[in-house]
Structure formats: structure tokens, C-alpha cells
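Written below as C-alpha cells is the structure these notes are about.
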Amino acid sequence: MNALNADAKPSWARWAVAAAFFINGFVTGSWAPQIPLLLSRLGISEFVLGLLILVFGLGALTAMPFSGYLMSKRGSRPVVIGFAWVVAFALLLVALAPNVWLAAATMFVFGGSIGAMDVAMNANAVAVEKKLSRAIMSSSHGFWSLGGFVGGALGGIVIQNFGHLVHAGLVTAAAAAMTAVALRGLIAEDKPVAHEHQHFRLPRMPTIYLVGIMALFSMVPEGAVLDWAALYLKQELGADIATAGFAFAAFSGIMALMRFLGDGVRNRFGAVNTLRVSALLAATGMLAAGFAPNPWIAIAAFAVCGLGVANMVPIAFSAAGNQPGVPPGIGMSVVTTMGYSGILVAPSAIGFVAQFTGFAPIFVTLSGLLVVVCLMAGLARHADFRAVPQAAPAE
């Protein structure tokens with residue numbers, strides 16, 4: 001069985017890793033419409049909600065290095081599968097939490113499982129790229145966004161009609177079924193690269209950290225839309241919970257579509273040009289969302305932002321994995337951790353500030369971070385190395 005997973009079916013493995021990205025995105029997207037209900041269900045303020053989201057992020061950032069350690073011993077396949085099972089049940093645990101303290105504990109588990117699975121499935125995607133000798137990173141992230149679209153779009157409707165517990169139960173059942181069936185085809189690396197992890201050292205080259213900042217500034221807006229767009233539409237633009245759920249759904253749906261096209265776009269126009277145009281599109285959408293006069297214009301603006309953000313993170317990750325003088329695993333771990341702190345930790349600060357300013361000025365301010373990414377786009381030139389299929393070895 002292990003030999004089959006390692007060598008015989010790389011095409012199956014490509015769809016299995018796509019399923020892993022979809023599951024992770026589906027559960028994350030399903031979480032978005034549950035967020036506004038925590039305020040009333042637990043009787044907490046936006047500040048406390050921000051702290052809970054911070055706990056989610058701390059769980060993820062704590063588990064990410066642990067995921068890397070496990071992969072150094074066992075490879076990415078069992079790590080993806082193991083944490084996928086935790087992810088499947090994590091949202092239900094949060095939905096069942098009767099008070100803020102148990103909610104915090106379950107949020108830590110939820111964030112940890114999402115983050116650990118995320119690192120492992122990105123590593124597995126790299127292994128599949130090597131087997132297929134072609135890039136699949138953008139389209140893999142497209143499946144994450146597609147999962148987020150499905151989870152976000154259906155979540156608000158199900159919650160409004162059947163309640164948050166029924167919704168969480170259905171999400172768990174769907175995620176568990178997909179994990180049981182689809183992830184069996186994940187590829188196993190030929191050998192766990194344990195020698196790369198014997199003595200972990202942070203790289204000394206400053207370029208990798210600049211790429212990390214680029215990933216960070218790309219993912220802070222994504223985290224803001226995930227955690228706060230629904231509440232923004234509900235509280236400041238007067239949307240109902242079903243409509244509010246479409247904010248992240250539109251963002252993820254357009255992002256998914258663009259990510260499926262992203263590898264081809266990057267191959268044609270190059271990583272640097274693609275990143276520059278993408279960052280400007282994302283900045284325009286985020287700016288428009290902050291000035292939106294009604295929920296539907298805001299939803300359209302978030303969709304434009306998703307169109308731009310779509311290829312920014314995959315390009316940053318590819319640049320990290322191909323950075324000269326930095327081992328791919330170490331470069332990926334540094335940039336992944338820095339980037340995901342933007343989607344996992346920064347939203348808690350946004351929640352704190354929003355108590356005093358509202359969300360509209362925050363979305364306007366975040367557009368500035370995306371302009372900075374546009375100015376830093378030249379750092380992504382090494383991402384093109386993996387985008388071009390390498391010649392197969394002579395047989």
C-alpha cells in the first residue's frame with residue numbers, strides 16, 4: 001500500500017491532495033457564518049470575540065512547527081490524514097461550547113488542527129509537484145477557496161433555517177466522509193527527509209523574511225474577510241445572517257476560480273507581473289468594500305479583492321520554496337508561519353480596533369498593505385523556477 005501511494009498513482013494523489021485543501025477550506029469557510037452568533041450566544045463583546053479568534057490563531061501557530069516535526073519523522077501523508085480527522089470534528093466542538101472558557105479551549109484545538117493540516121497538505125502538494133513535474137500549487141489553493149465558498153455560502157442559509165448546531169453537525173458529517181474516502185489516495189514521499197530537520201536553524205538570508213512579510217501582508221486582508229466581513233455586513237450595513245455569509249463566500253468563490261487559472265497565468269506573464277497586478281486588484285476591492293453603501297456592493301467588492309488575492313499567496317509560497325541558498329523545507333516553514341500569522345493572529349487586533357472605529361476604516365487601511373505587496377513584487381522572481389516544468393531525467 002505504501003509503495004502504491006509513493007509511486008504508482010501520482011495522478012490520484014493530485015486529486016487526493018486537492019480534496020485535503022477542499023476539506024480544510026470547507027470547514028474554515030463554514031466557521032465564518034458561525035462567528036456573528038458567538039456574540040449573542042455567549043454574551044460577549046467584539047473585544048472578547050477578538051481574543052477567541054486570537055486563541056484560534058495561537059493554536060495554529062503552535063501546531064505548525066509540531067506538524068513540521070511530525071513530517072520529518074513520518075512524511076506528510078499520515079500528518080495530513082491525522083489532523084484532517086481532528087478538523088472534521090473541531091467546528092462541532094466550538095458550536096457545543098456553552099461558555100467562553102470552553103469556547104477558548106475548543107478554539108485552540110480548532111486552530112491547531114487547521115494550521116497543522118495546512119502545513120502538511122502544502123508539503124504534500126510539493127511532493128506531488130515533484131512526481132508530476134509540473135506546478136499544482138495555485139490550483140491546490142483553488143480547492144481550498146472552493147471549499148471556503150461552499151462552506152460560507154451554505155453555512156449562513158443552514159444556520160438561519162436550522163440553527164448553528166445542526167449546521168455544525170452537517171459540516172462534521174461531510175468533512176468526515178470526505179476524509180475517509182478521498183484522503184486514502186494521498187502520496188507518500190519516497191523518504192521522509194529527516195536529515196533536513198536534525199538541526200533546525202533559521203536562515204540568515206534577509207530575503208526569505210521579506211518574502212515572509214509579503215505573504216503576511218497578503219494574508220492579513222484574507223483573515224479580515226474570513227473573520228469580520230460577515231459581522232461588518234450584519235452590524236454596519238444591515239444585512240441578515242444569510243446575506244452576511246455571502247461576503248466570504250463571494251471572496252472565496254472568485255478566489256477559487258482565479259486560482260484554478262493561476263498556474264497558467266503565472267506561466268504566461270511571470271510571477272512578478274502577476275503579483276503586481278493581483279495586488280492592485282486586491283487593494284481596489286478592499287478599498288471599495290470599506291466605502292460600500294450597502295451589503296451587495298460590499299459583497300461585490302470582496303469578490304474583486306478575492307480575484308486579486310487569489311494568486312498572491314501561492315506565488316509567495318513558491319518563491320519561498322525556490323529561494324537560492326535556503327533549503328526548501330526551511331524556506332517554506334518560515335514564510336508559511338509568517339504568512340499565516342496574518343490570517344490567524346492579526347484578525348484579533350482588528351476586532352479590538354473595530355470596537356472604536358468600526359470595520360469600514362479598517363478595510364480601507366488594509367488596502368494599503370496590498371499596495372506595499374505590489375511594490376515588493378520583484379522579490380517573487382524565484383517563484384517562476386517551479387512554475388516551469390523541469391525536464392524529465394534520461395531513462
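Quick notes
- Within the range 175-189, the set of residues being in a helix (DSSP H, G or I) and in contact (Cβ under 8 Å) with a residue 12 or more places away in the chain comprises A175, A176, M178, T179, A182, L183, R184, G185.
- In the range 362-376, residue most open to solvent (accessible area, probe 1.4 Å) [restricted to those that are in a helix (DSSP H, G or I) and farther than 13 Å from P221 by Cα]: L375
- The set of residues in the range 83-93 being crowded, with 23+ Cβ neighbours inside 10 Å, touching a residue at least 60 places away in the same chain (Cβ under 8 Å) and either more than 17 Å from R184 (Cβ to Cβ) or of a type in the set (F, W, Y) (or both) consists of A90, L91.
- Single residue of V109, V79, V119 found to be β-branched (V, I, T), closer than 24 Å to S341 by Cα and open to solvent by 50 Å² or more (accessible area, probe 1.4 Å): V109
- Looking at A301, A288, just one residue is open to solvent by less than 20 Å² (accessible area, probe 1.4 Å) and without any contact (Cβ under 8 Å) to a residue 60 or more places away in the chain, and that residue is A301.
- Considered as a group, the residues in the range 52-69 that are at pLDDT 85 or above and open to solvent by 30 Å² or more (accessible area, probe 1.4 Å) include one that is farthest from M332 (Cα to Cα), and that residue is V55.
- Residue list for the range 137-191, filter: hydroxyl-bearing (S, T, Y), modelled with pLDDT under 90 and surrounded by fewer than 24 Cβ atoms within 10 Å (Cβ to Cβ): S139
The values are calculated or read from the model by the stated rules, or taken from the named source; none is laboratory data. Source: prediction; values computed, not measured. No Cβ is skipped: glycine too gets one built from the backbone with ideal geometry, and neighbour counts run over all protein chains shown. These accessible areas exclude ligands, DNA and RNA; they are computed on the full protein's heavy atoms, side chains included. Shrake-Rupley method; radii C 1.70, N 1.55, O 1.52, S 1.80 Å.
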